[in-house]
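The values are calculated or read from the model by the stated rules, or taken from the named source; none is laboratory data. Just so we're clear, the structure is a prediction, and the values are computed from it rather than from any experiment. As a convention, Cβ positions derive from the backbone with ideal geometry for all residues, glycine included, and neighbour counts pool all protein chains shown. Side chains are part of the model used for accessible areas, which takes the heavy atoms of the whole protein and leaves out ligands, DNA and RNA. Shrake-Rupley method; radii C 1.70, N 1.55, O 1.52, S 1.80 Å.
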Amino acid sequence: MLQRSLEKLSQCNELMEITHYSVMKDEVISFLKPDKPGQLFVDATTGEGGHSEWLLKNYQDLNIVCLDADIDILDIAKKRLEHYEDQVVFYNEWFNIFFKNYPQGLERPDRILFDLGISTFHYEKSERGFSFRNSEKLDMRLENELEISASDIVNDYPQKELAKIIFEYGEERYSRSIAEAIVKERKKNQIETSDELAEVIWNAVPVSYRHGRIHPATRTFQALRIAVNGELARLKEALEAAVSVLKVGGKMGVITFHSLEDRIVKHYFKDLSRMCICPSETPICNCRGVKVAEILTRKPVTPEKGEIEENHASRSSKLRVIQKVNEL
């Protein structure tokens, strides 16, 4: 029993050595700072707790709900935020499920933040195959109970479906060549690790593409992660459910890192800000015709030059914010 406790402590200390750099912390505070004491903030993608810690340091009477689908990374956040235990409550749950089944007895939030970036922890410490720079088992599940892993997709899906996933979720122009190479390789041997897959992709693309701005495996790995975790479908469901529980007058911000996510957020926020969202061919308005939210960021907010220099991964991030003005 003692040995297991010591091992658990050792693992926790090891994980705490890696701290994810939470992007645009000042911008998040600028748009989502509380305007009254004791307000409730929901950090819908807590990760290692960077944004929550920054908020709690600046607003000592703020209450925060921290949620994350990954119990391992949530344990890191709990350790990081232990000095604020009276102000924080944790939920190990996907954000779409949390907002869809908002806990009874919990007051409606005044502020909600989604940071859709993948944490440093997942790339460096999770050992689930998120990074093509390591030799790790192909998994990519953010929550262990999910049925399909990256290995299942890579080794079992038909070539046409595999190419579609890589093209639609990775926006990869060489999706067909990569899918063909994967199928050819798996006929000889199962592709079991992240570095094996990266090598297949490297050899499948033109030489000129191998030395571009990003590694040629980047988009395929993104596509597999999105497919495994159902990220885009979850995001659409979560946004609507979150706006529904948000208090009138409350604000919600979303930080995206690639065009697929940003497109979903942009169009949904635009719909909320319109009086009528019926299709143009509809002769009579069938929607409620009520503006639900005001867009506070006409153009997405992006990191300052200094932040990008300090954290290169922040370069693609965009923050969009709305304020709810009527019930959904």
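Does residue 248 qualify as being aliphatic (A, V, I, L, M), surrounded by 19 or more Cβ atoms within 10 Å (Cβ to Cβ) and either modelled with pLDDT of 95 or more or more than 23 Å from the chain's Cα centre (by Cα) (or both)? Answer is no for this residue. Applying the set (1) β-branched (Val, Ile, Thr); (2) closer than 23 Å to residue 185 by Cα; (3) modelled with pLDDT under 95 to residue 214 leaves exactly one unmet item: (2). The criterion of at least 3 residues that are touching a residue at least 60 places away in the same chain (Cβ under 8 Å) and of a type in the set (D, E, K, R) is met, among helices (runs of 4 or more DSSP H) falling completely within the stretch 220-328, by 231-245. All conditions in (1) at pLDDT 95 or above; (2) open to solvent by 40 Å² or more (accessible area, probe 1.4 Å); (3) of a type in the set (A, V, I, L, M) hold for residue 293, with the sole exception of (2). Count of the stretch 85-125 residues, restricted to those that are under 14 Å from residue 241 (Cα atoms) and without any contact (Cβ under 8 Å) to a residue 40 or more places away in the chain, is 3.
Restricted to the stretch 1-102, the set of helices (runs of 4 or more DSSP H) holding at least 2 residues that are in contact with a helix residue (DSSP H, G or I) (Cβ under 7 Å, 6 or more places away or on another chain) and at pLDDT 90 or above comprises 25-32, 50-58, 71-80, 95-100. When residue 111 is tested against (1) in contact with a Leu (Cβ under 7 Å, 6 or more places away or on another chain); (2) of a type outside the set (A, V, I, L, M); (3) surrounded by fewer than 22 Cβ atoms within 10 Å (Cβ to Cβ), exactly one condition is not met: (3).
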